[in-house]
Amino acid sequence: MSKALVVAIDGPVAAGKGTLARRLAAHLGLRHLDSGMIYRATAARLLSSGGNPEDGVAAEKAALALTAEDLARPNLRDQEIGGAASRIAALQPVRDALLAFQRAFAAEEPGAVIDGRDIGTVVCPDADVKLYVTAGLEERATRRFEELVSRGETANLDDITNEIAERDRRDMERAVAPLRQADDAVLVDTSELDADAAFEKAVEIVVKQLNARAKTSI
Ligand code: DC
């Protein structure tokens, strides 16, 4: 019986996991889900109706009512939306509301590469391969700064560093599904790696893990 192949990629903000997940999915012929986008879309829906990210009831309602149009909102990548997404993501009812969609996406053949914060620990604990992608705070802040500048936006490196550190703290210290490396995840530190080198390293790990699994299941 064939089964969907799942690659779970978790890690903090601006570690390069999104680009890596997209490239890995294309390389492996799998679908890709950036799970942060569903938290961002929930936050954007909430904010656009005048809701407050600390209001758990309103945030849960926004998560349950999420539509394809919400996922196509143009401002989802904004810093303000990212901050609000991190706030509503700390609420258990919001996470519960978004869980079934993520699991259904993972279960559909041929499978998926899913990136986020709790994919290897909560959403897909039985994933075939788990990666934990991270980089130093300074490297991540510099990358985010350069990305904003290249888009023609004004950016301040100190503000970005503080914002990322605050988001790390919130995502790692929350009581529900905190960001952490799953016990069986392989660490990929991209501090010294560019996108191509990170991709090559990830492919190497994925192939090794899949071969090892194939051997143990014979
Ligand atoms: O990956 P991102 O920056 O787009 O995610 C935005 C926020 O969503 C992040 O700060 C925490 C939350 N998130 C989460 O709690 N769990 C996930 N699987 C993905 C994102």
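Grab the DSSP H runs of the chain that are 4 residues or longer, score each as -39,500 (n - 2.57), total them, divide by all residues and round the 222 nm result to the nearest 500 deg cm²/dmol. Working shown, then result.
Working: 9 runs with 117 residues, N = 218.
So the calculated ellipticity at 222 nm is -17000 deg cm²/dmol.
As a footprinting exposure proxy, order Ile205, Ile88 by other Cβ within 10 Å, with the fewest listed first. Walk me through the numbers before you get to the answer.
Details: Ile205 17, Ile88 29.
Fewest-to-most ranking of Ile205, Ile88: Ile205, Ile88.
Over the chain, what is the mean sequence separation of C-alpha contacts under 8 Å (at least six apart), divided by residue count, expressed as relative contact order in percent? Display every interim value, and only then the final one.
Details: 337 pairs, mean separation 69.8, N = 218.
Result for the chain is 32 percent.
In whole Hz and in residue order, list the ³J(HN,Hα) couplings for the range 203-211 that follow from phi through the Karplus curve 6.51 cos²θ - 1.76 cosθ + 1.60, θ = phi - 60°; x for Gly and Pro.
4, 4, 5, 4, 4, 4, 5, 5, 5
Are there GluC sites (Glu not before Pro) in the range 1-92 that DSSP marks as loop and that have at most 14 other Cβ atoms within 10 Å, and which are they? Intermediate results must be reported in sequence, preceding the final value.
Values: sites: Glu54, Glu60, Glu69, Glu80; in loops: Glu54.
When the GluC sites (Glu not before Pro) of the range 1-92 are filtered for loop state and at most 14 Cβ neighbours within 10 Å, Glu54 remain.
What is the mean projected area of the alpha carbon convex hull for the range 51-209, to one decimal in square nanometres? Present the calculation step by step, with values, prior to reporting the outcome.
Values: hull surface 42.2 nm².
Result: 10.5 nm².
Using alpha carbons only, how many angstrom separate the centre of the range 1-24 from the centre of the range 27-100?
Centre-to-centre distance over Cα atoms comes out at 19 Å.
Label Glu69 and Arg31 with points 7 Å out from Cα along Cα→Cβ: what is the distance between them in nm?
Modelled inter-label distance: 2.3 nm.
Within 10 Å, count the other beta carbons around each residue, average over each peptide in 6-15, 107-116, 163-172, and list them highest first. Kindly include the intermediate steps, with their values, before the conclusion.
Details: 6-15: 25.7, 107-116: 20.6, 163-172: 16.4.
Listed from highest to lowest mean packing, they are 6-15, 107-116, 163-172.
Laboratory data are not the source of any read-out in this text; all were calculated from the coordinates shown. Computed from a predicted structure; not experimentally measured. Every residue, glycine among them, receives a Cβ derived from its backbone with ideal geometry; neighbour counts consider all protein chains shown.
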